[in-house]
Every structure is written in structure tokens, then in C-alpha cells.
There are 4 protein chains.
Amino acid sequence: MCRLLAYSGDPTFMDTLVCAPKNSLVRQSLHACEGKTATNGDGFGLAWYGDREEPGLFRDLRPAWSDENLKSLCAQVRSPLFLAHVRAATQTATTRANCHPFSCGRYAFMHNGQIGSYHRVRRKLEALLPDELFDQRAGTTDSELLFLLILARMEEGETPMAAVGTVLAQTKEYMVKAQIPEALRFAAILSDGQTIWAFRASCDGLTPRLYLRERPGATIIASEPLDNLRDAWTQVPDNSVITIRQGLAATTEPLVIGEGSWPLAA
Amino acid sequence: MCRLLAYSGDPTFMDTLVCAPKNSLVRQSLHACEGKTATNGDGFGLAWYGDREEPGLFRDLRPAWSDENLKSLCAQVRSPLFLAHVRAATQTATTRANCHPFSCGRYAFMHNGQIGSYHRVRRKLEALLPDELFDQRAGTTDSELLFLLILARMEEGETPMAAVGTVLAQTKEYMVKAQIPEALRFAAILSDGQTIWAFRASCDGLTPRLYLRERPGATIIASEPLDNLRDAWTQVPDNSVITIRQGLAATTEPLVIGEGSWPLAA
Amino acid sequence: MCRLLAYSGDPTFMDTLVCAPKNSLVRQSLHACEGKTATNGDGFGLAWYGDREEPGLFRDLRPAWSDENLKSLCAQVRSPLFLAHVRAATQTATTRANCHPFSCGRYAFMHNGQIGSYHRVRRKLEALLPDELFDQRAGTTDSELLFLLILARMEEGETPMAAVGTVLAQTKEYMVKAQIPEALRFAAILSDGQTIWAFRASCDGLTPRLYLRERPGATIIASEPLDNLRDAWTQVPDNSVITIRQGLAATTEPLVIGEGSWPLAA
Amino acid sequence: MCRLLAYSGDPTFMDTLVCAPKNSLVRQSLHACEGKTATNGDGFGLAWYGDREEPGLFRDLRPAWSDENLKSLCAQVRSPLFLAHVRAATQTATTRANCHPFSCGRYAFMHNGQIGSYHRVRRKLEALLPDELFDQRAGTTDSELLFLLILARMEEGETPMAAVGTVLAQTKEYMVKAQIPEALRFAAILSDGQTIWAFRASCDGLTPRLYLRERPGATIIASEPLDNLRDAWTQVPDNSVITIRQGLAATTEPLVIGEGSWPLAA
């Protein structure tokens, strides 16, 4: 399990969220409050949008809590939309390529969750990728794979919501075929630089949490509140997607996953 | 605060202590039981004695829990005497040169403790080092500095116990002069490849713990027990030094620190 | 292109070959004489056999020339059979998992060469791997893929020579189908801890070189001589395999690649 | 010896100088044309000025040529004034803290040169630092030490030129006292975010080169030309300082070093 946050709003120095708050993401790398693991020391990453269509990407495999580069970059760079992540590796290696966020063209993606017994369905899922997206695969995580699978559906014209629904349904189907009893859980953030989509779903109803905070000129999604103002943070409902566009109120819609409705009956 | 262990006995694969036990040192890097901090993820190190007079030194700034090199090295190398350490940095940077153990010639040293307000006495203490030992200074920690100060006394003919006593007294004196209210605490291991000396002392009586376990052919000192057999582990008394020589029972002596007796009255 | 060496003989400290010679492997990381690139600074690795059936593996992504851990390990560890490699990355990332040697069970492997336009045949070649070997795939290089493909054939009962011949033929066939004009070149070392096999072959006759040196109690294969005694080093013939077993003279045999003979007519 | 560049002018994406040119700084990390060493693979660094008074600092110990973070950061960040450096370590360790540029408050500094037999004067020179600047010392290089010594003089009211002159004279004096025959050579860039000062001096006349290129809205100083337009690049004269202020033509003045004139008679 990992910790993450995403911001959309007036351009702000990234350190105001990543480093400064009482329960900042950097703090969570060492002492997360709500994560399955208190320590999220297996690397970190930032994807921020600035003057280019593609996001900047800064990822490293050291713990976030001691990285001077992260601190300096966050203190310098002002962005209207960025994603940040600290990682607690489950089964895959601690490498830069396995750190979130992942990016591809103008898209950035990060994830907290898991494909249960991932190694047993990895090859079949990778086989679904078109060649050009397979070539973008740099690491070995299930998260990056889900990202590329979602992009593949989007390239065929699906909306982000539809693409996520299709990919989760398909992944679960493969897991069932492989008789995998572990769950598929998915709390994820996707952005194209203009819009942030935040997803929550799991086949067993144990989806990692996401919290939303809206202020004038600033919307934040995070895996746990960054401060003690618990009332200011709304929990994102399960099996839903939140859409955040600058200047508009965040909207919540149910996430349709294949033909069934999640969580599945046990 | 850090976690550490030292072994002397029949040559053994290092992983039997560093990686395998229920509460192995690698486990303690992520979930220490007794340390001030549960996470000791700011690098790690090994010093092991083999066929040469000087120890092998392997240190890296990644967390121990995810380092494949550490795992492989410990699985391969059999040693009759080794030191291992996982670090929780206090004020100094996460670099290889700041990872314990430190080595100099045939000596290796590691430490759990602190010089309170270290930066205020650092220069004065460094000024005590002879040139050739100052040149060995590769990092910026108080621990490495204490090691080199101790070696300086030993080069002048003092025993390890006397050298430690002198250096602690002198350090405390400088701290007092600088009106530093924080404590000097010292739980440390020194070895020359034949003998292990384990020291515990602090000016305020809050010395980090050390535990001793003796079995035929195997003596272990560790900052916390490696297993649930609590009875098998004896606490090293405060203000004492334990001397471990292969084939002999460990001996405990009081540690004489300057002219006074520690802990000092508040 | 990379630089590599392998040793079989009386147990020797690894630094006698890796660090000490005038043209040591560490020296070659910065100033190779014969490689396509003078600098081989994209990581390094060691696989050494000791008291266990599986080799020790030590790989890092820093340049070999400045790595203190490599120096210390090589100074300490004595081995009767080891492989060492410094890397010049071609298209794949600088990560530990992409550093040679690779290991799997008791086998170790390293490579200097290339699959031309590798990304265009990667998926098809990976599809040939049985699941359990695919799961061993930790990096993204063509070299690791060739290693696992060779192991797959060996698990089906082929000798190392036959397995290499089959895999090279098959790889070339896939390259031809994909209309890849670039060459397949292969200079590689495989070992199971008892025997070293050194292979040289390429479809265009431009195989990277390998040199053999035999002394009583010490056989060395390297991508370039480690010293100025050029007469002491014999070039390994193209399209051949050398087999080195402790206590026996090295033997050279032709390498049979599929049904044709290499180099292929242009 | 290292390679470096500094830019002042209209805000520009850093990759236009660091990554894009035919002979970009990243290219020079692997294949420098004019440096004493072709390979400058012992880390790299950037200091850029943006919306804050203090510069952003991004340094890492990997070779610049393979660092994805460097590439992405340079592609994203637009700056009116930045410094970039690739390092070829001479005697000190490859750590982030030893990578240039160094920063302190709003100042940034980088250096190509050396204090001959540095370790023999290091302690004496460090003793000249006031406590608060000594506390800023994070690494072990002669370059960082020179930077802090220069800042110490500037804090006492000297101009950057006067401070450099004083420090070089003093350093040489200490070298003479220590009977050090090797030279003191200094090609360095200092900035406060508004002005760039570029210095060249050495006691033996063998100062590393610096080149100046001025275009409307863009002034560049580099240790070697970034392109083939050799006529566009002017060599900075020895024993001089160039001052670059946005919107003004660069000015060149002689650098006064102590009371003598450099190079010194042999």
C-alpha cells in the first residue's frame, strides 16, 4: 500500500502539500496514519504539469523523507496540477521505473491497490497491450500495467471511466479464470494535465480510501487527510469516480465495472 | 537511533543473523521493537572479517529491507566475526560515508547514540584529531568522529576501554563548556578482528540498550533480541564494557569515564 | 558494448583480476581499449561461487570505477569461479536488474552483444519463455532474455551448446521475419559453478572478441587482455564455444547454430 | 576536471543548453572534447533561479548521460539564470554532497580546478571558516571549501572579485607554507540569482578554459563550446573575471590576487 495526493487549482508551490503540512506526504513516507503500512519508504515520485503538454516526472528509489532533491524541487516549482506518491513495495523491486506516477504522453497515473497474485495473470494481461504501449512498459509493477491497459482502451475511444471499468472487469475475469482468491483493489488517480479523475473500486469492498478537499481555487485528493481538519475532508465513495476540472466543482459518478456491480458477492 | 548486532564465534553465514531470524536486523530496519524509531531506513552496513587483516565493508544508503545485494552477500559470506547496522539518521545526511560500521585499518566500529547538539562541538572535537586520522574522516556523523577520537587515544597507547573513557569524558566536557543541555549517550561496538568490545554509557543514564547472548561457539551482541527467547538474552549493564574473545566467555567490566562516575547527577 | 571477465582455478581474491591489473575490469569501466565504447559506466556486476550452490550476486548501477563496495568485496572474497562485468547500456535503462551477470538457480550468465532492433522482437521472444522462467525476468535487457531462453532449452534437456545454438537460430529467425536488418551478435559466458562456457557467434561475422589465458591453476576469459602480455592471450575463434573445467585444459568446439553456418552470407 | 555551463537571459527551458546541443553538457558527461578527462561521470548538478530568492538545487551521483530525472526536469523548467555541472571526481568521493553546484542562501557556485595536494591544507583552510559557514559544509571537496571561504569574505563586506582574490592568495600561501609543489587552478562560476561572475586564474598559468557566448537575450559561459560555431565563442582571458547582468553586455576585468600577479614565476 502506498500514499498519494493530487492537486488541481491555482498554481501553487508543490511543497505546500508535499512537504509542509503536519501530515504531509513526506511525513507519511515515514509515519502514515491510515495506510496498511506505516512506512512508505520504497521510493517516491512527482508528476507535475507546467508549460509543456507532457508532465515533468521526478522519481527516485530513496525514501522521500531524506531526499534533498525532492525538497528543493517542491520548493521551487509552482504547478496548477500535480500528482505525488510515496511507495510501499509489495512484491516488485525498488527501482525508479517501479515508482509512481507513471507517465505516457500527456497522461500521468498513480495507484494504491493491488492485483492479487499478480504474477499469475501478468503475462496474460501484458498480452492485451498493443505493441506501442508495451514498448512504454519500463518497470514490472501491476500499477504500470493497469495504466497502460487503461490507455489502450482510451486510444480505442473509450472515456477514462469506461476504460477503467473495462480494464478492472477484464482483470478480475482473468483472476477468476486463474482461480486467484485474492482481491483486486484499485484507488487511483489519472490526469491528462487538464482534468483529474480519481477512482475507487474493489471486488471485495475493501478499497483503499481517498479523501477529497475542495477550497476556492484548490482541490486536493489524498489517500489520507494532510491535516487535522477532518471535517474538511470528504471520503470518496466506493465504486465511484470523481472528476476535477479547474474552476468547476468536483463531480462524483458511479463507476460501472463490466456488467456486474462491485463489490461482488463473496 | 539505530539497530545493530555483532557476532563472534564459529564462522557462520551472515544471513543466519542479519536476515533469517524472526526479528532479524533486516526486519528491524522496517519494524524495530525497542528503538526510539520503528523505522531504520537510512542506510545500512556490514563489516566482516575474513582472510585479511582489514575487514570487508559493505554499506549502502538504501533501506536494508529491500537491498538484494545485502541479502546475497549475507547468504554467501561466512565469517567468524562481523558487525551489522541499520541506520535511523538523526541530523546528518543519508550517504554511504555516514553509514555504520566505520573502518580504519583493522578496526571496525558502530554506534547507537548521540552527542547532543553535536554541531556545536563538532569543530572543537575534530580539532583533537591528528592529521592522519582526520584524513580518514569521510562522512559527517558524530559516530565516525567518536570512532576516530577513540583510535587516536589507542594510537597513544591507551586500551580500548581507557580510550573510550577518555573520549567520552572529553566530549562531555566540551558539551558542558558549550552549555549544551542535551545528553551524551553511547552504545557502541568496536573490534579489531580478534576481539569485540561492547560499550554502554551515558551521562543521563538513558543509554540505549545492548543485549548479550552466549552459546557454545557463538556470542552475539545486539541492540534488541533477534528472537522471542527473551531469557536467552542478557542486558548489558550500563556504564560497562563487555569483552568478547573467541573461545572465551564474555567478560564484563565497569567503564571508567574520566574521574567521575556516570550517570552524572542532574 | 560491455566489458567482462570470467575466472576458473585455484580460489583467488577477486581483486587480483577485477581491480589490480594494469588493464583491470575496473580500469576498463573508464578506459576500455577494445570496446566499441571507451566508457562502460552504466553499472557493473559480480557473480561468484563459494560455499553454496547458488552464486553470490552483487550488482549496482553506479560506475564501477568509483564504487567502494565493489573494491572491498573483491579484496575480501576468494573464489574458485567468478564472473564480472561492466556495462555500457545501449537502449535499456540503467538499473540493477539490467546489470550483468544474471543468475537463476545455480546458473550465472553475462553477455556482450546485441539483438538488433530488439524492441521489435522482444514480445515474441518473451512469449517463448515458460511461466516459471518468465517470472524470473527482473529487467528489460535482451541479454537477460537470451539467458532465460537458453535456460528454457536446457531445462528441456539440451546441452548448453545446443541450447545456445537453438536460441540464436530462433532469435535470428524472428529478426528476419520482422525484417530487421541489424545483426545478432553474441559473446557470452555461462556457468553452473563447475564449468564455464564461453560463446562467440554473430550472423554478420562481427562478433565481439573474447580472449583466453591459461596458466597452471588459473584460466581467464576476458573481452580484452588484462595486461600487456598480448602473447599470453589467445583469441577465442568465432562461432565456437570454449569449455573450461577446473583442472582440465580448456577445449574449443564449433558452435552449431540451427542448420546453417554463421556468419550468414549478406 | 569537470564540465560546466551557466546561463543568464530570457527565461529558457534548461534542456536547450543542458541536453539539446550537439555538444550539450549531458553529451560532455560521456564525451567531453576539451576536458582533461573525456568522461565526467561522477555525478552532476543544477542550480536554477525561479520564483524564490534561493536557487533550486538538483544533484545526483549517477552519470548525467543516463539520468531520466535530469532530462525531465530540464525539459520542464524555464529559468532566467541557471548553472549546470558534470563532475569528474579527482580525489574525493562520489556523493551528492560533493556534486556541484553548491548553494548557500541565495548564492550558487561551481568550479573546475583544484587545490594541489588539497588534503595537506584542508584543515587549515577549514579553520578559517566562521562557525555558521562551517555548519553549511556538507561534503568534502576543495570546491565547496573555496565557495564557503569566498562567502566568508563577502560577509565581511568584500566584493565577489575581492573575495575570490583574497581566498586564492590565502590558499596559495598555505600551499607554499606546506611546501606543496602542485598548482592552484580555478575556473569558477558564482551567482546570487541576479548576476553571474565567472573567474579564471591559476598560479601556473594552466587555468581550465571558459568560453563566453553572447546573443541578444542570452549569455552563456561554458567550459567548452556547446556547438561547432567556434567563432561565436570567446575565450575568457586568464586572471580575469567576467560579470554578467541581465540586459547588459558582459564586462571583463582583471582579477587581482593578493599583492602579486598570477601566474607566478616558476
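The values are calculated or read from the model by the stated rules, or taken from the named source; none is laboratory data. Just so it is clear, the model here is predicted, and its values are computed rather than measured. Cβ sites come from the backbone with ideal geometry, for glycine too, and all protein chains shown count toward neighbours.
Name the single residue that is farthest from the other protein chains (Cβ to nearest Cβ) among those in the range B:92-115 being assigned to a loop (DSSP other than H, G, I, E, B) and surrounded by 18 or more Cβ atoms within 10 Å (Cβ to Cβ).
Quick first cut of the range B:92-115, residues assigned to a loop (DSSP other than H, G, I, E, B) only: B:92-95, B:99-101, B:105-106.
From what's left, surrounded by 18 or more Cβ atoms within 10 Å (Cβ to Cβ): B:92-95, B:99-101.
On the way: B:THR92: 9, B:ALA93: 6, B:THR94: 4, B:THR95: 5, B:CYS99: 11, B:HIS100: 15, B:PRO101: 12 Å.
Filtering first and then ranking leaves B:HIS100.
Only one of (1) buried (at least 22 other Cβ atoms within 10 Å of the Cβ); (2) at pLDDT 90 or above is not met by D:PRO21, so which one is it?
Result: D:PRO21 passes all but (1).
Considering only the range C:156-166, I want to know if a residue exists there that is assigned to a loop (DSSP other than H, G, I, E, B) and among the hydroxyl-bearing types (Ser, Thr, Tyr).
yes
Could you look through the range A:238-255, keep only residues that are crowded, with 17+ Cβ neighbours inside 10 Å and among the small types (Gly, Ala, Ser), and pick out the one that is nearest to A:TYR7 (Cα to Cα)?
Looking at the filtered set, the residue picked out is A:ALA250.
Could you list, in sequence order, all residues of the range D:129-164 that are among the β-branched types (Val, Ile, Thr) and more than 14 Å from chain B (Cβ to nearest Cβ)?
D:ILE150, D:THR159, D:VAL164
Could you run through the range A:192-208 and say how many residues are in a strand (DSSP E or B) and crowded, with 18+ Cβ neighbours inside 10 Å?
7
For (1) surrounded by fewer than 24 Cβ atoms within 10 Å (Cβ to Cβ); (2) without any contact (Cβ under 8 Å) to a residue 60 or more places away in the chain; (3) part of a helix (DSSP H, G or I); (4) among the hydroxyl-bearing types (Ser, Thr, Tyr), each residue gets a yes or a no:
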position: C:LEU5; (1), (2), (3), (4): no, no, no, no
position: C:ASP10; (1), (2), (3), (4): yes, no, no, no
position: C:GLN28; (1), (2), (3), (4): no, no, yes, no
position: C:ASN40; (1), (2), (3), (4): no, yes, no, no
position: C:GLY45; (1), (2), (3), (4): no, no, no, no
position: C:ASP51; (1), (2), (3), (4): yes, yes, no, no
position: C:LYS71; (1), (2), (3), (4): yes, yes, yes, no
position: C:CYS74; (1), (2), (3), (4): no, no, yes, no
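Could you please let me know if B:GLU173 is touching a strand residue (DSSP E or B) at 6+ places or on another chain (Cβ under 8 Å) and either surrounded by fewer than 18 Cβ atoms within 10 Å (Cβ to Cβ) or free of Cβ contacts under 8 Å to residues at least 24 places away in the same chain (or both)?
The answer is no for B:GLU173.
Using the structure shown, decide if C:ARG209 is more than 16 Å from C:SER143 (Cβ to Cβ) and either basic (Lys, Arg) or touching a residue at least 12 places away in the same chain (Cβ under 8 Å) (or both).
Considered against the rule, which asks whether it is more than 16 Å from C:SER143 (Cβ to Cβ) and either basic (Lys, Arg) or touching a residue at least 12 places away in the same chain (Cβ under 8 Å) (or both), C:ARG209 comes out as yes.
Could you check the range C:209-225 and list, in sequence order, the residues that are buried (at least 24 other Cβ atoms within 10 Å of the Cβ) and assigned to a loop (DSSP other than H, G, I, E, B)?
C:LEU210, C:SER223 - these are the residues of the range C:209-225 that are buried (at least 24 other Cβ atoms within 10 Å of the Cβ) and assigned to a loop (DSSP other than H, G, I, E, B).
Got a number for residues in the range A:159-193 being farther than 11 Å from A:GLY116 by Cβ and among the basic types (Lys, Arg)?
Residues that pass the stated criteria total 1.
Given the criterion within 14 Å of chain B (Cβ to nearest Cβ), without any contact (Cβ under 8 Å) to a residue 40 or more places away in the chain and either surrounded by 22 or more Cβ atoms within 10 Å (Cβ to Cβ) or assigned to a helix (DSSP H, G or I) (or both), identify the matching residue among C:ARG62, C:ARG123.
None of the other options fit; the residue is C:ARG62.
How do the pairs read when you match residues in the range C:176-191 that are touching a residue at least 60 places away in the same chain (Cβ under 8 Å) and in a loop (DSSP other than H, G, I, E, B) with residues anywhere that are of a type in the set (Ser, Thr, Tyr) and buried (at least 22 other Cβ atoms within 10 Å of the Cβ), using Cβ under 8 Å and keeping only pairs 6 or more apart or on different chains?
C:ALA183/C:SER202
Does the range D:126-147 hold any residues that are over 13 Å from the mean Cα position of the chain (by Cα) and free of Cβ contacts under 8 Å to residues at least 40 places away in the same chain, and which are they?
Once the filter is applied, which keeps residues that are over 13 Å from the mean Cα position of the chain (by Cα) and free of Cβ contacts under 8 Å to residues at least 40 places away in the same chain, the range D:126-147 yields D:GLU126, D:ALA127, D:LEU129, D:PRO130, D:ASP131, D:GLU132, D:LEU133, D:PHE134, D:ASP135, D:GLN136, D:ARG137.
Can you name every residue in the range D:226-253 that is in contact with a helix residue (DSSP H, G or I) (Cβ under 9 Å, 6 or more places away or on another chain) and in a strand (DSSP E or B)?
Of everything in the range D:226-253, those that are in contact with a helix residue (DSSP H, G or I) (Cβ under 9 Å, 6 or more places away or on another chain) and in a strand (DSSP E or B) turn out to be D:VAL241, D:THR243, D:GLU253.
Consider B:ASN40 carefully, then state whether it is at pLDDT 95 or above and either within 11 Å of chain C (Cβ to nearest Cβ) or over 16 Å from B:ALA6 (Cα atoms) (or both).
So B:ASN40 fails the test.
Hey, any hits in the range D:138-155 for a residue that's within 17 Å of B:GLY139 (Cα to Cα), among the aliphatic types (A, V, I, L, M) and touching a helix residue (DSSP H, G or I) at 6+ places or on another chain (Cβ under 8 Å)? So that I can check it myself, show each step before the final result.
From the range D:138-155, those within 17 Å of B:GLY139 (Cα to Cα) are D:138-145; that's our starting set.
Imposing the further condition that a residue be among the aliphatic types (A, V, I, L, M) reduces the set to D:138, D:145.
Now restrict to residues that are touching a helix residue (DSSP H, G or I) at 6+ places or on another chain (Cβ under 8 Å): D:138, D:145.
Yes, the range D:138-155 contains at least one residue that is within 17 Å of B:GLY139 (Cα to Cα), among the aliphatic types (A, V, I, L, M) and touching a helix residue (DSSP H, G or I) at 6+ places or on another chain (Cβ under 8 Å).
Could you list all residues from the range B:76-88 that are at pLDDT below 95 and either facing chain C (nearest Cβ under 9 Å) or surrounded by fewer than 21 Cβ atoms within 10 Å (Cβ to Cβ) (or both)?
B:ALA88
May I ask you to verify whether D:ASP142 is more than 18 Å from D:SER191 (Cβ to Cβ) and modelled with pLDDT under 95?
No; evaluated as a whole, the condition is false for this residue.
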